[in-house]
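Notes for the one structure printed next.
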């Protein structure tokens, strides 16, 4: 689970954007929307919200409390809101790849490999665990 966990946000808090993304199906646009929402949750320190983007498989490997603790430690002292991150997405069928590049002073600590996302039941789910 890299700092892309990034990609890493709020399944229930995405509002109209999340609803529109789901209605679009497994497109680059809908994946970008989900990745942006997860990234915004991470930047805001809303780690429980970011956790909601994890796939069922990833939730089985790491519970929410452990995830929140890990993210709290990983992003301690970072200002992820200082600048917009660069988010690159690609989609093949129901599998997506997302790379998030932060530009804060500690950006070099982030995982640079793309994270895998999977489109399941009308939603993109972070599936790098």
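The values are calculated or read from the model by the stated rules, or taken from the named source; none is laboratory data. This one's a predicted model, so the numbers in the text were calculated from it and none came from an experiment. In this analysis, Cβ positions are derived from the backbone assuming ideal geometry, glycine residues included, and neighbour counts consider all displayed protein chains.
So is residue 51 within 21 Å of residue 122 (Cβ to Cβ) and surrounded by 12 or more Cβ atoms within 10 Å (Cβ to Cβ) or not?
Yes: the conditions hold for residue 51.
Would you confirm whether any residue within segment 23-44 is over 21 Å from residue 84 (Cα atoms), buried (at least 19 other Cβ atoms within 10 Å of the Cβ) and at pLDDT 95 or above?
The answer is yes; a qualifying residue exists.
Would you kindly identify the strands (runs of 3 or more DSSP E) lying entirely within segment 75-129 that contain at least 1 residues that are surrounded by 19 or more Cβ atoms within 10 Å (Cβ to Cβ), out of contact with any helix residue (DSSP H, G or I) (no Cβ under 8 Å at 6 or more places or on another chain) and at pLDDT 90 or above?
95-101, 115-120
Are any residues in segment 43-64 in a helix (DSSP H, G or I) and within 8 Å of the chain's Cα centre (by Cα), and if so, which ones?
Residue satisfying the conditions is 50 alone.
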